[in-house]
Amino acid sequence: MGTGAIAAAISMSATAANAFVITNTSATWDNVTLTNGDIVGSVGEAASDSNQVVFREVDGESQVRWGEAVYGWTWEEKWELETREVQTTERQRVEGWYQNRRGRWKYGWHWKNVTTTETVEEWVDNGGWVAPTADYKSGLGFAGVSDLSLDVGEVFSIGSLTHYNQTIWSDVAFGTASDFSLALDFGDSGIGSQTFDFSFTVDETINQQTVCPYQTTDGLGCSDKIAWDFSVDETNSFMHNGEEYTLELVGFANQVAASSIVNEFISQEKANNSADLFARLVKVDSTKDIPEPASLLGLAGLSLFFVRSQQKKRLA
């Protein structure tokens, strides 16, 4: 759609003709860029044990997980009945020819070491250590929402984004960026299902640093940062009532108040951190340049740290 301008501002009211109903939202992850430069996904190599990348759906949440987990190894028992031969040596008194101490052969009773072989059966644990599941990897997850009614330019929560700050080894390649496709189902409105493509960047910092690059809770390793490469999909758009629309990512927050929405997600260590991802539907105006989203919202310089979490950690 070219380099057009976003012809909308945050607005909580619009005419009925501009109202949209979204039955549900969802997302998929693809094309993860690793620290070694490899790309895993539809334009690169397939996810596998060798690159430690997993794409999966868990309880309605789309996830991409990466890295070699430190914790979560389990011993798996495998008891099997095995047959083996056991030799036993006993000193017995036997009758027959033997050499005495002088080397002379004599016949009679004497002591002799006798070896017998016996076949026995026994249960043996042939189990081994099983690698951790993807639950112990780092990565990102997105859970959509349903039954939305909104207007043009109205900021709304499109779903929940989670950064899984698990403990992984820093000398094994892990993710630094991932493609992210948001799907909006407009139901029977005639718009159908629309997909918008974005890209998230992830700065999984080394924990043991004298000065952390982002604000960090005392006693924890250095926090990580999730952001996006661009906030407006300039490739995908749709028509509605003679107008062209696209989707703009606005920021992360725990509520819709503009003062609390930020365009960076600072994720503390030893936690799985979640925040709502906010967006808005905007009209496309191809006659103007696209301004910076932060200038539209007055979000520059804000910081927000999310604590909705379970105790987890990434070791680097």
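Table for the structure above
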{"read-out": "Cα centroid of segment 30-102 to Cα centroid of segment 174-245, whole Å", "value": "37"}
{"read-out": "Packing-based ranking, highest mean first, of 240-252, 89-101 given that Cβ atoms within 10 Å are counted", "value": "240-252, 89-101"}
{"read-out": "For Ser193, residues with placed amide H under 5 Å, excluding near neighbours", "value": "Phe186"}
{"read-out": "Sum of side-chain charges, Trp129 neighbourhood, beta-carbon under 13 Å (Lys, Arg +1; Asp, Glu -1)", "value": "-2"}
{"read-out": "Largest-first principal axis extents of the Cα set of segment 22-164 (Å)", "value": "115, 34, 22"}
{"read-out": "Separation of the Asp38 and Val211 label points, Cα + 7 Å toward Cβ, nm", "value": "3.5"}
{"read-out": "Whether segment 112-218 is rounded, prolate or oblate, judged on the alpha carbon gyration tensor where a/c under 1.5 counts as rounded", "value": "oblate"}
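Where a number appears in this text, it was derived from the coordinates with a stated rule and is not lab data. Since the model is a prediction, treat every value here as computed from it, not as a measurement. Note that we place each Cβ from the backbone using ideal geometry, even for glycine, and neighbour counts take in every protein chain shown.
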